[in-house]
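Here is the structure we will look at.
Only the coordinates and a few stated rules stand behind these numbers; no lab work does. In this text the structure is predicted, and so the values were computed from the model without any measurement. With ideal geometry, Cβ positions are generated from the backbone for all residues, glycine too; neighbour counts draw on all protein chains shown.
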Amino acid sequence: YSCAMFLSEWYCKKSILALVDGQSWDMYKPLTKSCEIQFLTFKDRDPGEVNKAYWQSCAMMMGCVIERAFKDEYLVSLVRAPEVPVIAGAFCYDVVLDKRLDEWMPTKENLRSFTKDANTLIYKDLPFETLEVDAKVALEIFQYNRCKVDLIEEKASQNPERIVKLHRFGDFIDVTEGPLIPRTSICSQFEVSAVHNLQATRSSLIRRFQGLSLPVHLRAHFTIWTKLLERSRKLVTEDQTKPADIPPHPI
């Protein structure tokens, strides 16, 4: 981001990611050596990496909203944000709610409340920060989330230094490789659109929360947004490049 400031205000406002020696890079992640930099935007001929970063960032924001939406007496465990392509029609986050909520069926009002909370994050204009930490630190942060602990152990085993990459905005931290967008305010239209029941494990029911968002650079007319929103309510799966044709009804 500091490099973009030396070029022009346009680069500061429009750049979503950087390519550092050909590697996708968060805009606020420090540079560690002399390198060649290219800035990426939504209007590039091939915005694939930018779109992927945007989808992952939106999923992380939705995860934050869901984790904090329920009363403190209920345990909410974020499982993971499946990597699904933008063409799938929705970003998603898999969540295990307190067993006392197994019969809970979200209403339209619940979804509106989640959406309102997401828009609050957008309004706060929070930067996404990259954190590269020792696995011990990551395990301490997520000690009460078994799924995250397993993910951290998996990622730590992939390098001898046992370094794990996290991302943070505000006081919310998640385990994600990134890269992610620079700030929450890059998002414009944003809606938590559906919740689907996935398979129940022996001990818990996994819910897939889904949402739709468009960046401030690519706002859609109400009619188009409504059609996209309807599409986003269909169950999204990782092995498809489009929503399931006959999904279970969202709850």
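In terms of its C-alpha gyration tensor, the chain has an oblate overall shape, because the principal axis ratio a/c (a ≥ b ≥ c, square roots of the eigenvalues) is not below 1.5 and a/b does not outweigh b/c. Remark: region 101-145 carries a charge dipole of roughly 260 debye about the Cα centre, counting +1 on each Lys and Arg Cβ and -1 on each Asp and Glu Cβ.
Shape class for region 140-234, computed from the alpha carbon gyration tensor (a ≥ b ≥ c): oblate, with a/c not under 1.5 and a/b at or below b/c.
For the residues E153, E132, E73, a GNM of the chain with alpha-carbon springs under 10 Å puts the largest fluctuation on E73.
How high is the relative contact order of the chain, given as a whole-number percent (alpha carbon pairs under 8 Å, six or more residues apart)? Relative contact order comes out at 21 percent.
The residues neighbouring P82, those whose beta-carbon lies less than 13 Å from its own, together hold a net charge of 0 under the Lys/Arg +1, Asp/Glu -1 convention. For the listed residue pairs K71/K165; K29/K71; K71/K148; K29/K99; K136/K234; K14/K116, the alpha carbons are over 27 angstrom apart in K71/K165; K29/K71; K29/K99; K136/K234. Around the Cα centre of the chain, unit charges on the Cβ atoms of Lys, Arg, Asp and Glu (plus for the first two, minus for the last two) sum to a dipole of about 680 debye. With the helix formula -39500 (n - 2.57) applied to DSSP H stretches of n ≥ 4, the chain reaches a computed 222 nm mean residue ellipticity of -10000 deg cm²/dmol. A straight line joining the Cα centroids of region 155-198 and region 110-143 runs 7 Å. Each label point was placed 7 Å from the Cα along the Cα-to-Cβ direction; for Y144 and E49 their separation is 3.8 nm.
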